[in-house]
Every structure is written in structure tokens, then in C-alpha cells.
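For reference, the structure discussed in these notes is given below.
What follows draws every value from the coordinates through simple rules; no lab data is involved. If you're wondering where the values come from, they're calculated on a predicted model, not measured in any experiment. Note: ideal-geometry Cβ built from the backbone for every residue, glycine included; neighbour counts use all protein chains shown.
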Amino acid sequence: MTDLMSPNACRVQEVLDGLGLKQRVREMDQTTRSAEDAARAVGCEVGQIAKSLVFKGSTSQQAILVITSGANRVNEAGLARLIGEPVLKANADFVRAQAGYAIGGVPPVGHPHPLAVFIDEDLLQYPCIWAAAGSPKAVFHLSPQELQRITAGRVICVK
């Protein structure tokens, strides 16, 4: 961690350190806001990008974090069947309040509130994946197994 990193990227690095991960947050010169942008910035396949998408249970109003492969779209009807209630795409204010970060920079860890976490099974095919690290220009890499461990996420088919 350096003084050059944004405060949010520093915060994510502190969480990673606290979880015992050796990975370092990297802030890029270009945006990593979308999966395509992130893949281009780090030089990997779009499928290796772990997109953190926040949904909201329409009845419970609970935040649901789906970490999906950058190559996939989440089947919202399938997710709703899995959790037992319809889901809505969360708006920017809800994402910031529940996840602690703005859309485009939501990391898989370091949230102010516990979130139900689901992980796209397609991420498991890669030895290395990349996740957002608190800002639209910050990322870190890890293995899918590390992602499962640090999030306690349930692996599902998101398609």
C-alpha cells in the first residue's frame, strides 16, 4: 500500500492483509469500471474478471452480492428462485449504503454490513481471477478458492 492509492483502495488492501492474503491492490492508469475495461487493463480474459453486483431482495430489502464472471449476465429469475423472493437491481445509493463502495468499484470483501454472497461457478475454471478493489481504477488478483474462503460465498450457476 502506498500513499498514491485512493483511500478506498487502501481500505481494501487493509482488509486483504487482515484476511491473511498476500495480494496487493493495483491501481491502474485506466478505468477498470467494466469487466471489459478491467480485462484490458490487466491483460486477461473477460471471464477472469469477478464482477461484484449488488441486488436487493424485493420483500426482505436485504442486499445480495453476486460475484459473477465478467463474461456472464446474472439470470435474475434464477437468483430469485434460489433465494426465495424476487430480486431487484440495486440503485447506486443502496449499493453504497450496503456495500460501502460505489458501483464499478465494489470489492468482494470489506463491506460495512454482512451480505449474502453468491459466486458464479464459471469463475472456478480459472487459476487466477481479478476483482475490484474499492475504486473504478483499482483491482487485485486471487484464486477462486481464495474468493470462496474470504467471502464464505455459495457457488451457484448464475446463467
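A few points about this structure:
- Residues (surrounded by 14 or more Cβ atoms within 10 Å (Cβ to Cβ) and not hydroxyl-bearing (Ser, Thr, Tyr)) located in segment 57-74: Gly57, Gln62, Ala63, Ile64, Leu65, Val66, Ile67, Gly70, Ala71, Asn72, Val74
- Looking only at segment 1-50, and only at residues there that are polar (S, T, N, Q) and in a loop (DSSP other than H, G, I, E, B), the one that is nearest to Arg73 (Cα to Cα): Ser34
- Qualifying residue in segment 75-88 (condition: touching a Pro at 6+ places or on another chain (Cβ under 6 Å), over 25 Å from Val25 (Cα atoms) and not polar (S, T, N, Q)): yes
- Looking only at residues of segment 28-56 that are more than 16 Å from the chain's Cα centre (by Cα) and not hydrophobic (A, V, I, L, M, F, W, C), we find that the one that is farthest from Val87 (Cα to Cα) is Asp29.
- The C-beta contact set for segment 106-128 (first residue without any contact (Cβ under 8 Å) to a residue 24 or more places away in the chain, second residue of a type outside the set (D, E, K, R), distance under 6 angstrom, 6+ apart or interchain) comprises Pro112/Gly100.
- Residue-level analysis places Phe118 among those that are more than 19 Å from Leu21 (Cβ to Cβ) and in a strand (DSSP E or B).
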